[in-house]
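First up is the structure itself, then whatever we jot down about it.
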Amino acid sequence: MGDAAGRGHRRADCAALARCRCRTVVRCRHARRDYGMTPAAPALRWWMPLALAVQFLTRVPIPGLRVLTADTAKLGLARAVAWFPLVGGLVGLLTACVMLLIDPYWRRPVAVILALIFEARLTGAFHEDAVADFCDGFGGGIKPERIHSIMKDSRIGSYGALGLGLAVGLRAVLLISLPAPLILPALVASASFGRWMAVAVMALVPPLSHTEGLAKDVGARSNLAQLAAASLLTVPFIAALGWMLPGPMIGGLAAAVIFLLWFRRFLLRNLGGVTGDCLGFAVYVGQLVMLLAATLHLA
């Protein structure tokens with residue numbers, strides 16, 4: 001969800017989705033146009049948004065998926081937003097499996113670092129990139145135009161480096177602090193909830209009208225119905241942690257709601273809307289909130 005140009009991540013203008021490989025096609029009933037695939041699979045319609053969500057949020061190639069134009073990619077991603085928490089939960093599950101496999105053989109810090117390296121490879125460090133851009137933009141800019149210009153710059157400044165280092169470092173410390181029984185539920189819950197935070201921000205804050213990117217192409221079509229669907233998909237991933245730590249989880253959810261209300265006001269006042277980097281920053285904040293809740297009982 002970072003908007004900076006010149007990096008190896010998927011650009012928020014969705015153009016990268018047009019390079020996916022596929023021989024099947026589905027007709028979009030909303031746009032009354034073809035996705036460019038053969039009539040071989042009308043049954044694929046239901047999983048197209050999920051496949052697009054996986055393609056966008058990770059580096060996992062999806063066989064059989066091809067979007068021919070940027071317009072159809074944007075339409076598909078607009079429907080895929082509700083699936084973001086599911087994809088996040090699966091990313092958290094895989095990261096937790098890597099950590100649990102390594103943890104018995106090396107000390108916990110080694111397991112955490114290797115698990116985070118795996119996750120960065122799986123997602124292309126998509127949200128970490130956004131955290132750096134967000135910190136650079138709001139750290140070095142005052143006027144909205146300047147803030148957005150800095151966030152689009154592919155270079156990382158001192159604010160971005162410091163913010164990214166602190167965010168990743170805090171996450172690593174929290175993972176190191178987790179008792180072994182909480183590793184799986186905490187990673188799954190935090191990853192899913194973080195993606196839900198992005199959906200919530202898209203539903204609550206309008207995108208910047210003069211920008212190109214995920215926030216404009218997808219966020220403009222996001223609504224409370226998609227947020228409700230994303231919320232339903234998030235519940236199974238946070239249920240286990242909520243059952244194990246009901247008090248801290250309630251506190252964490254309350255803190256997340258307070259952050260969302262503050263973040264909405266902050267973005268409208270200082271930027272005038274939301275960008276992809278702001279969404280990626282919200283994802284990371286959501287992950288940290290869940291991990292802070294999971295480790296609260298250890299204090």
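Every number here is computed from the coordinates shown, using simple stated rules; none is lab data. Nothing here was measured: the structure is a model prediction, and the numbers come from that model. As a convention, Cβ positions derive from the backbone with ideal geometry for all residues, glycine included, and neighbour counts pool all protein chains shown.
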Taking 0.36 nm per residue of separation between Ser158 and Leu232 and subtracting their Cα-Cα distance, the length gained on full extension comes to 22.7 nm
At 7 Å along Cα-to-Cβ for each site, give me the label-to-label distance between Ser177 and Trp47 in nm. 4.0
Gain in span if fully extended, Asn270 to Leu298, counting 0.36 nm per residue against the direct Cα distance: 6.4 nm
